[in-house]
């Protein structure tokens, strides 16, 4: 009798967790492809998100990160476009350089962002600053300033928006190409070899603010942050500095909207900074997988532990659910041909670089 | 400060933390031993596990692994002749000949002891220089960094060998290969032949493994017998210790060179090791034994390559400018915990800085101890007929090379460069200048371009440039003074006119000439800014190689030792088999190909009993599969998806 009661209870309990409710990802694993080497910014962010997504996607899939560096991220990106299975078990982390190559229609690009579904989008901003020896006190002094030197990588990727900002504001610094990354450029600034620089906000906060306090650097402006409606607003992590948009108004007394130069600049800022990093799955991924991935992102961003750690690792930049910003993202990454042409021509005539 | 240092030491009084440090050390040792896998692989393999720990433990594990990789990589370099990591290729040149002479034990004990002392000196230097490092790093501008890369190249000059023309050609070949990939001065990719794989240049581990490792293993297999060619088990443990004591100042000099190469972002670990090696050769009176197994050529570079990683931590921690890929991963790990390297790390996280230093020091001692303990057993491997070890060694090298970018291109480059390395070795061309040219051309061109753009010609007036120029010229002046004093022996010049024409030499020289011609043609089509250096290199290469071609045809320049025809045939067969390995991997995947290759080597070269060969192959295949899944390494799957 007792045995019967127990087995009945067990049966009821089992029925309660009916298999009809088994989440899509139960017992599954996700391979997250990172097209850069281990330890790069994109890789670190992927590794930061992975354990939280494991915890919050229904069914708790395990997430394995696979790094496939090479070809300036194109190798991994192209590989994913050609080989990824659309069953929700393969995810891609796109980077700034893969998005810039796409925007500028690099002929080696074999991927199409419109054939991918965004799961999660995040980004960052950057700050321009100058040496006190330049005599610059605020951003509007840039108009008519001379003797400025600015360091850059070749070919320009993340600093493309900076070069276009100079173009927009009419600043004519001497640009020195050839650096391997922005770290050595900062060292050259500290040594006095360069006197105008821009760095990502988290680098600015940790490396440049101490210089500002010692009077060795003057903060000027931020790249700006593109909100979901496509307007440029102040950077949430450095809200006291004006954006390039404001500085243009200060100098010219007009709004830049509608100018070709402005379209090129704002599009690149959105694609390479504000929405510079995203996780994607292939088009055709089953609806229930997409639903659970989105639920996972929502639960993750609500998790107090995630919020606490994200504050430190990502700064104040929001983690956005992919489907909410997909339209904005695509709009920013699809530049009309005249804008692309303008960017290429500017870089070619001004800097003799063919991109 | 001392108080903070002692407090940090207490971190390791906790058994869990000490256990984690040990885990990092063991991980580093294993990765170091695997051919071609260095600090980057060690840190990237540990990273996913480390992120589940707290910041202090994570830092201890990663630093522990980084500290010992350059201790254990020597084992592979010395015993097998395949560089355990790219930075230990010098130990292939000096340590492996000692193993062949039955002195593996002596070479290993000298190497471990120098590594340990180099690591400890590095940790000490790190502690002492933290307060003064910032102004030091900032004192050197682009012109000085450019001069330092030139100094590195001039050190390579002492490694050219007896035949200067062959040495220069080897260096120019490496330089040309190093120019493959993005140009620092113009937005153009050079010599990529439309392949995405070549767009970022060929990875250094693949080059080091191919030029030294594949060539050496193919030669060993073709020769038959065991690695050690003489009877009697290597005693020599104490002898190695005595060697280090005798050359104690070499250890210190090596560590200092390594520290500086680490501190300056332009150079990097491999260049530091080679500079230490070049320095020893340049400053030694008797150079006869270099290249044939000179213990001094092990001591200084081994000390240097352990100090490099410590020096590298200075720009990494104080400026957030990592000097190497593995240090970049360490920065990534710190960012993950919300710890930002930079000026404030000394006030906000001084405890963590000392945890790093202590981990480094402890790991250097413990790691060297473990290697010491394991090595008598490993040294016995040099007595085993090498054919029995050949297949697993080659499979491990292919696996190591493939981790560089996980592209079939890695395997193709490995075998192609292996063939080149074999021909160079057979024709008596030195291979050290090749690797130095490959490593240094990037930073040299980059800092020249930056210097020129920033300073115009005024950079030549900087005092730092003058000091470095003096250091650059001094050895040449010294050498010519000595040459003037010495009376030249009459028989020096004509001794090489043997009149022989050696097939491998002719083939290699003709091929090299063709490569330079093709390089020049392709370089001429590049945009200004990208083409100048390639044209210069290819032009110099054409002049020298044509001269060499004449000398070779006239039989004026034959190598000292000519390999016997049977050995050449066996080597060529093996190289062909390796090419087959790559093609087969492309179609049926790595695991199946490795099994078939192993079986072939066991039956054909080791002449094993068929049943035994099958069992051996099965065990190896299972081990490779397990290792790959344990370390989450990726294996090429093959088009047929088997």
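Brief remarks on what is shown
- Gyration tensor verdict on region B:119-199 (Cα atoms; rounded if a/c is under 1.5, prolate if a/b is larger than b/c, oblate otherwise): oblate
- Gain upon complete extension [residue B:604, residue B:457; 0.36 nm per residue less C-alpha separation]: 46.6 nm
- FRET efficiency, residue B:472 to residue B:289 (Cβ-Cβ, R0 25 Å, nearest 0.05): 0.40
- When only alpha carbons are used to place a centre, region A:317-355 and region A:284-311 end up 27 Å from one another.
- FRET E, pair residue B:249, residue A:350, Förster distance 45 Å, beta-carbon r, rounded to 0.05: 0.25
- Between region B:14-82 and region B:518-543, the alpha-carbon center distance in angstrom: 41
- The angle separating the long axis of helix A:2-16 from the principal Cα axis of greatest extent in chain A is about 30 degrees.
- In this simple spin-label approximation, residue A:330 and residue B:569 carry label points 7 Å from Cα along the Cα→Cβ vector, and these lie 6.7 nm apart.
- Here is how the number arises for chain A: DSSP H runs of 4 or more residues each give -39500 (n - 2.57), the sum is divided by the residue count, and the result at 222 nm is -12500 deg cm²/dmol.
- Comparing A:258, A:267, A:88 in a Gaussian network model of chain A (Cα springs below 10 Å), the most mobile by mean-square fluctuation is A:258.
- Euclidean distance of C-alpha centroids, region A:98-160 and region B:154-200, integer Å: 31
- On Cα atoms only, tilt of A:260-269 relative to the major axis of chain A in degrees: 40
- Extended-chain gain in nm, criterion 0.36 nm per residue less alpha-carbon gap, residue B:347 and residue B:165: 60.1 nm
- Averaged over peptide A:68-74, the number of partner chain Cβ atoms lying within 10 Å of each residue's Cβ comes to 6.
- Shape of region B:565-630, Cα gyration tensor, a/c cut at 1.5: oblate
- Test item: A:173-183 mean partner chain Cβ contacts at 10 Å: 6
- The calculated Kirkwood hydrodynamic radius for chain B is 25.2 Å, given to one decimal from all distinct C-alpha pairs.
- Ordering A:321, A:308, B:289 by the number of other Cβ atoms within 10 Å of each residue's own Cβ, fewest first, gives A:308, B:289, A:321.
- Computed over chain A, the range of Cα coordinates on each principal axis works out to 95, 44, 36 Å, biggest value leading.
- Residue order, fewest to most beta carbons within 10 Å, for A:245, B:616: B:616, A:245
- Rh by Kirkwood over Cα pairs, then Stokes-Einstein D for the protein assembly as shown at 1.002 mPa s and 20 °C, µm²/s: 72
- Counting only DSSP H runs of at least 4 residues, each contributing -39500 (n - 2.57), and dividing by the residue count of chain B, the helix-based mean residue ellipticity at 222 nm comes to -23500 deg cm²/dmol.
- Beta bridges per DSSP with both ends in the protein assembly as shown, % antiparallel, nearest 5: 60
- Bins of 10 Å from zero: percent of alpha-carbon pairs in region A:126-272: 12, 45, 37, 7, 0
- Global geometry of region B:99-154, whether rounded, prolate or oblate, following the gyration tensor of its Cα atoms and the 1.5 cut on a/c: oblate
- Angle between chain A longest axis and helix A:322-333 axis [Cα atoms, degrees, rounded to 10]: 30
- Relative packing of peptides A:215-222, A:346-353 - highest average C-beta neighbours within 10 Å first: A:215-222, A:346-353
- Relative contact order of chain B, pairs being alpha-carbon contacts under 8 Å that are 6 or more residues apart, as %: 21
- Theoretical gain in end-to-end length, residue B:517 to residue B:640 [0.36 nm per residue, Cα-Cα removed]: 40.4 nm
- Debye log10 I(q)/I(0) at q = 0.25 Å⁻¹ for region B:257-322, Cα point scatterers: -0.92
Read-outs: derived from the displayed coordinates by stated rules, not from any lab. Owing to the predicted nature of the structure, the values given are computational and were not obtained by experimental measurement. FYI the Cβ positions are ideal-geometry reconstructions off the backbone, even for glycines, and counts take in every protein chain you see.
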